[in-house]
1. Open to solvent by 20 Å² or more (accessible area, probe 1.4 Å), under 28 Å from SER235 (Cβ atoms) and in contact (Cβ under 8 Å) with a residue 24 or more places away in the chain: is that true of PHE36 in this structure?
2. Restricting to the range 281-306, name every residue that is open to solvent by 20 Å² or more (accessible area, probe 1.4 Å) and either in contact with a Pro (Cβ under 7 Å, 6 or more places away or on another chain) or part of a strand (DSSP E or B) (or both).
3. With part of a strand (DSSP E or B), touching a residue at least 40 places away in the same chain (Cβ under 8 Å) and surrounded by fewer than 17 Cβ atoms within 10 Å (Cβ to Cβ) as the only criterion, which of ASN363, ASN375 stands out?
4. Looking at the range 307-332 only, could you name the residues that are loosely packed, with under 14 Cβ neighbours inside 10 Å and in a helix (DSSP H, G or I)?
5. Of the residues THR232, THR241, which is out of contact with any strand residue (DSSP E or B) (no Cβ under 6 Å at 6 or more places or on another chain) and either closer than 20 Å to ALA322 by Cβ or open to solvent by 20 Å² or more (accessible area, probe 1.4 Å) (or both)?
6. Considering the range 95-135 alone, what residues qualify as being among the aliphatic types (A, V, I, L, M) and open to solvent by 10 Å² or more (accessible area, probe 1.4 Å)?
7. Return yes or no: is VAL19 under 21 Å from ALA110 (Cα atoms) and assigned to a strand (DSSP E or B)?
8. Identify, by number, the condition in (1) in a strand (DSSP E or B); (2) open to solvent by 50 Å² or more (accessible area, probe 1.4 Å) that ASP142 doesn't meet.
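The values are calculated or read from the model by the stated rules, or taken from the named source; none is laboratory data. Since the model is a prediction, treat every value here as computed from it, not as a measurement. Glycine also receives a Cβ, built like all others from the backbone with ideal geometry; neighbour counts cover every protein chain displayed. In case anyone asks, the SASA skips ligands and DNA or RNA and just uses the protein heavy atoms, side chains included. Shrake-Rupley method; radii C 1.70, N 1.55, O 1.52, S 1.80 Å.
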Amino acid sequence: MSTVSIIEVKTADQLKQFVRFPMDLYKNNPYYVPSFIKDEMKIWDAKENPALDYSESKQFLALRDQKVIGRIAVIINHKEEKELGIKKVRFGWIDFIDDTEVSKALLQTAIDYAREHKINKIEGPMGFTNLDKAGMLTMGFDKLATMIGIYNHAYYPKHLENLGLVKEKEWVEYEMNFPKVLPEKVEKFSGLIAQKYKLSILKFKSKEEILPYVEPMFKLLDETYKHLSTYTPISEEQIKTYKEKYFPLIDKNYVICVVDENKQLVSFAITMPSYSKALQKSGGKLFPFGWWHFLQASKKNDRANFYLIGIHPEYQRRGVTAIIFKEIFVRFTSMGINFAETNPELEENKSVQLLWQDYNPVNHKRRKTFSLTLNDVQ
């Protein structure tokens, strides 16, 4: 068998190979959900990805006999180092065939990159920021992936562990069979809490009416998660990018905003109909026919995904979630939603996990980042 060679991605054709490799690797896999090809290409364009203003990165392909058999990206986020004092090389977009020679060569590339920059730690899989996909799947290989979750074969984490990497962080995900009857606790407290704190639900007549609240949502997201040790604030440029990327997929009926008596946002939840099967059918392309599958998924779907939820610290632990979940119950019931799935949540973030306790959540997926400390780097 010929040896593995690693090449840096430098041409447009190589970048296309980098982006499309997992689609070939997981061809006919019923659980894998592809990303939008166009969006994946933009990630590596400084004109399109504001994170590249304060980060540096490289992408690599693993080849054998000129055939792509693996890929990896390495990233240094200088903003993370400046604001949190965390200095490490992030690795992500890591995929490989079930061959230790391949995974070893890819990880060695990340190690060499760290040594080159005199950094003594690598961690991944991670993206540029907190809102990028992160965490290698370690449980739930037989579950359909979500649009914003990484899917990988069961052999991936085994390879990393055999190569000496250890668990750094862990995320959990939950699936809920949405209730036919609103829990009495939620029904009782939602009205009391709304009256006590003079809170109300915003009613959007069109998707465009949501736009003025997009930036306040991201600011509130910062307030909600800033206590987590690895959280870095979201920049104005990132807000613009995420708005352009995800707003076209937003349905006004899946956006819940709670405001105080001065119409200031105190809490929000963004859910979406599950677009996983639509992405599978579209092959990661909206055109020429992919848009049809997304349209159908938005109109007729029994599954929804929680994407973002934010609660101002002053209103946390005050029962505000009862207001949100009552509204979600009303809307989901009217739309025929029977199942809901959460976004990956850090295992340590118990306050967010408590939000689902009244809905008999089942922990159906887990994912981890893995790290390696290089003791010979000073």
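1. Spelling it out, PHE36 is indeed open to solvent by 20 Å² or more (accessible area, probe 1.4 Å), under 28 Å from SER235 (Cβ atoms) and in contact (Cβ under 8 Å) with a residue 24 or more places away in the chain.
2. Of everything in the range 281-306, those that are open to solvent by 20 Å² or more (accessible area, probe 1.4 Å) and either in contact with a Pro (Cβ under 7 Å, 6 or more places away or on another chain) or part of a strand (DSSP E or B) (or both) turn out to be GLY283, SER298, ASN301, ARG303.
3. Going through ASN363, ASN375 in turn, just one is part of a strand (DSSP E or B), touching a residue at least 40 places away in the same chain (Cβ under 8 Å) and surrounded by fewer than 17 Cβ atoms within 10 Å (Cβ to Cβ): ASN363.
4. Across the range 307-332, the qualifying residues are PRO313, GLU314, VAL330.
5. The conditions single out THR241.
6. Scanning the range 95-135 gives ILE97, ALA105, ILE111, MET126, LEU131, ALA134.
7. No.
8. It fails just one condition, (1).
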